[in-house]
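What follows is a set of notes on a single structure, which appears directly below.
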Amino acid sequence: MNNSAVNTGRVLWAGLRALLVLTVICGVLYPLAVTGIAQAAFPGKANGSEVKDASGKVVGSELIGQTYLTDGKPDLRWFQPRPSNGLGTNSVNTRYKLILSGATNRSGDNADLIQWVKDAKAAVVEDNSVNGYTVEPSDVPADAVTSSGSGLDPHISPEYAKLQVHRVAEKNHLTVAQVDRLVADHTDGRILGFVGEPRVNVLRLNIALKALTAGQ
């Protein structure tokens, strides 16, 4: 047999063996090892930071914001998240309902963005002004009228959460003190005491609100 053909066969067989070995190591053993370590050390994070309600049902992720709507309008019984001005509805894949998100990519002096902020501020003032409590435009924090870079921020500032307390209390027939306590209990401080800003996870807050109203 021609030596050239023999050598070529040996090289191909060696390459095939290397491919099989690396496929098993990198494509099977390594992913299984990483998955096993993640499940053992950080099971919650490895499974998508799922959030469960009082019945144990998974209702979302603490990393992804949700909207609380009825007939396409904000359901004022619940704490509302930041505005979500993402990429709009999906026009490519019509079979599955996908989550699309993104920044508005408008500059600070963009006329559309300025109008969105004005409209959002007016809506926040109107929705949260109830009997005995009037929201002033100057009381509305920035996160109440602007979306995050992802458009799916699960958190709001404590200031925005407290601004909604009177409205949530009225709509759910609770006292202001009860709802205020709920917000305080679900306010997370800065990481390690100095990283980031205090924040409130809206999904977890609304789960606690649902449990509170169920006990009334």
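Being more than 26 Å from Lys118 (Cα to Cα) and surrounded by 15 or more Cβ atoms within 10 Å (Cβ to Cβ) holds for only one residue in Val145, Val168, Val179, and it is Val179. Could you please let me know if Ile191 is surrounded by fewer than 16 Cβ atoms within 10 Å (Cβ to Cβ) and out of contact with any helix residue (DSSP H, G or I) (no Cβ under 7 Å at 6 or more places or on another chain)? Considered against the rule, which asks whether it is surrounded by fewer than 16 Cβ atoms within 10 Å (Cβ to Cβ) and out of contact with any helix residue (DSSP H, G or I) (no Cβ under 7 Å at 6 or more places or on another chain), Ile191 comes out as yes. Of the residues Ala122, Ala211, the single one that is in contact with a Pro (Cβ under 9 Å, 6 or more places away or on another chain), surrounded by fewer than 15 Cβ atoms within 10 Å (Cβ to Cβ) and not charged (D, E, K, R) is Ala122.
Among the residues of the range 40-70, the ones that are within 15 Å of Ala211 (Cα to Cα), assigned to a loop (DSSP other than H, G, I, E, B) and among the charged types (D, E, K, R) come to 2 in all.
Of all residues assigned to the range 141-162, at least one qualifies as being free of Cβ contacts under 8 Å to residues at least 60 places away in the same chain, basic (Lys, Arg) and under 30 Å from Glu50 (Cα atoms).
Sort through Ala54, Ala41 and tell me the only one that's outside the structural domain of Ile156 (by TED's automatic domain parsing) and either touching a His at 6+ places or on another chain (Cβ under 8 Å) or not hydroxyl-bearing (Ser, Thr, Tyr) (or both). On inspection, the qualifying residue turns out to be Ala41. Is it true that some residue in the range 10-22 is within 30 Å of Ser129 (Cβ to Cβ) and either at pLDDT 85 or above or surrounded by 12 or more Cβ atoms within 10 Å (Cβ to Cβ) (or both)? No; the residues of the range 10-22 include none that is within 30 Å of Ser129 (Cβ to Cβ) and either at pLDDT 85 or above or surrounded by 12 or more Cβ atoms within 10 Å (Cβ to Cβ) (or both).
Being in the same structural domain as Leu69 (by TED's automatic domain parsing) and within 23 Å of the chain's Cα centre (by Cα) is true for just one of Ala169, Ala123. Which residue is that?
Values: Ala169 fails: within 23 Å of the chain's Cα centre (by Cα).
Result of the check over Ala169, Ala123: Ala123.
The values are calculated or read from the model by the stated rules, or taken from the named source; none is laboratory data. Note that the structure is a prediction, hence the values are computed from the model and not measured. Heads up, the Cβs are rebuilt from the backbone with ideal geometry, glycines too, and the neighbour counts pull from every protein chain shown.
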